[in-house]
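Working notes, beginning with the structure itself.
The values are calculated or read from the model by the stated rules, or taken from the named source; none is laboratory data. Bear in mind the structure is a predicted one, so any value in this text is a computation, not a measurement. Note that we place each Cβ from the backbone using ideal geometry, even for glycine, and neighbour counts take in every protein chain shown. What goes into the accessible areas is simple: the full protein's heavy atoms, side chains included, and nothing from ligands, DNA or RNA. Shrake-Rupley method; radii C 1.70, N 1.55, O 1.52, S 1.80 Å.
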Amino acid sequence: MENSLNVKYGLKRVINASGRMSILGVSAPSDTVMEAMRQGAQSYVEIADLVNKAGDYTARILGAEAAVIVNSASSGIALSVAALVTQGNRRLSERLHQEEIVRNEIIMLKGHNVQYGAPVETMVYLGGGKLVEVGYANEGRCEHIEDAISDRTAGILYVKSHHAVQKNMIAVEEAAQIANQNGVPLIIDAAAEEDLRRYVQYADLAIYSGSKAIEGPTSGIVAGRRSYIEWLKVQLSGIGRSMKVGKETTFGLLEALDEYMKKPDRSEEERQSLQLLLQLNDIPGVQISIVQDEAGRSIYRGRVHIDPQQAEITAEVLATRLQQGEIAIYTRDYGVRQGYFDIDPRPLLGDDMTIIVRQIRNLVGRN
């Protein structure tokens with residue numbers, strides 16, 4: 001069904017079959033989350049008090065010592081790095097990038113320095129850190145990190161993401177062991193991860209998106225050790241001022257977080273919804289399969305393989321034409337150069353899947 005605001009402002013209807021993607025607005029919050037945002041927006045609070053109370057509330061849910069709500073997981077990286085390199089020193093925090101900081105190196109596996117809409121390294125530098133890449137694009141071992149630790153090391157950054165290289169990389173538990181043995185703080189970027197309580201067990205600072213798995217408004221969470229969270233809060237009067245969070249966003253995220261922790265596992269239901277795609281197997285050159293998320297999460301997607309010789313179209317061209325239609329259909333297109341794209345059922349609404357099937361059928365075989 002067409003959104004009246006889309007019509008008013010001349011925006012195309014979008015079907016998001018790509019997942020919790022920032023370029024499409026990430027997720028669609030529930031009515032109760034939107035009501036919490038409305039109430040929050042239409043009242044006044046002492047923002048400093050809200051920052052502290054909302055952080056404590058969030059920390060209790062996640063099982064962390066402390067937490068703070070930020071405006072995105074991306075800003076969470078920058079603010080976490082700034083916290084560690086300044087160690088909460090107010091002058092250094094206010095004069096970040098102006099004062100020399102010797103202990104500013106952030107160690108990260110080369111296979112984790114990914115482009116997620118912005119490069120991870122950009123957020124590290126924004127936070128005043130100097131990135132030290134270790135290992136190789138196809139190999140990240142414990143000794144690669146350990147050998148790089150020096151008196152200039154401010155922290156280790158581990159990126160838990162489907163964007164990152166999965167093959168031949170150490171697990172988060174191993175990274176935590178190295179950090180603990182060497183007395184170096186560990187930041188874990190777990191932006192899209194669904195097990196919110198897992199990563200605070202290993203990280204000194206764990207970062208989550210508030211709008212991906214949690215399905216709240218555009219926001220983020222940093223949770224971890226209280227001393228480091230207090231250092232991070234100092235950054236809110238530095239680079240964090242340009243990343244401030246509105247009160248309505250905070251209330252919306254808290255409601256979404258409450259709902260998320262009670263939400264039943266829908267992964268099997270989502271996998272069953274993909275059965276509708278299987279009818280496309282009768283089209284020459286099209287093969288549909290159901291695959292699990294590459295990072296091992298309980299997320300299932302429909303994979304659309306295209307044989308260009310039989311289908312008379314490539315996967316890349318088909319994905320592009322789906323986007324360019326009167327209804328813009330965005331697929332998960334990381335594999336188009338290998339001849340496939342994926343359909344993620346989680347963000348789909350109403351008759352979205354029916355329209356996807358119809359449009360693929362209409363487009364395949366056309367030059």
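Got a sec? Charge dipole of the chain, +1 on Cβ for Lys and Arg, -1 for Asp and Glu; which of Val134, Gln181, Val70 is way out at the positive end?
Val70
Round to a whole number: what % of the accessible area of the chain belongs to carbon and sulfur, probe 1.4 Å?
47
Given the pairs Lys110/Lys167; Lys12/Lys212; Lys167/Lys263; Lys53/Lys247, which are separated by over 24 angstrom at their Cα positions?
From the list (Lys110/Lys167; Lys12/Lys212; Lys167/Lys263; Lys53/Lys247), the Cα-Cα distance tops 24 Å for Lys167/Lys263.
Scan the chain and report its longest stretch carrying no GluC sites (Glu not before Pro) that are both in a DSSP loop and have at most 10 other Cβ atoms within 10 Å. Provide the component values of the computation, followed by the final result.
Values: sites that count: Glu2, Glu46, Glu100, Glu326.
My reading of the result: 101-325 is the longest stretch.
Show which aspartates and glutamates lie in cross-link reach of Lys8 when reach means a straight Cα distance below 20 angstrom and same-chain residues fewer than eight apart are skipped.
Glu326
Students often check this: by mean Cβ neighbours within 10 Å, which of 284-290, 122-128 ranks highest, and how do the rest follow?
Most protected by this proxy first, the peptides run 122-128, 284-290.
Grab the DSSP H runs of the chain that are 4 residues or longer, score each as -39,500 (n - 2.57), total them, divide by all residues and round the 222 nm result to the nearest 500 deg cm²/dmol.
-10500 deg cm²/dmol
With a 10 Å cut-off between alpha carbons and a GNM built on the chain, which of Gly63, Gly240, Gly19 moves the most?
Of the options given, Gly63 has the highest mean-square fluctuation.
When DSSP beta bridges are limited to those with both residues in the chain, what percentage is antiparallel, rounded to the nearest 5?
So the antiparallel bridges amount to about 55 percent of the total.
Under the rule that an exposed site lies in a DSSP loop and has at most 11 other Cβ atoms within 10 Å, name the longest stretch of the chain with no trypsin sites (Lys or Arg not before Pro) of that kind, not counting the sites themselves.
So the longest stretch without any such site is 168-365.
If you average the sequence gap of Cα pairs under 8 Å that are 6 or more apart and divide by the length of the chain, what percent do you get for the contact order?
Averaging sequence separation for qualifying contacts and normalising by length gives 22 percent for the chain.
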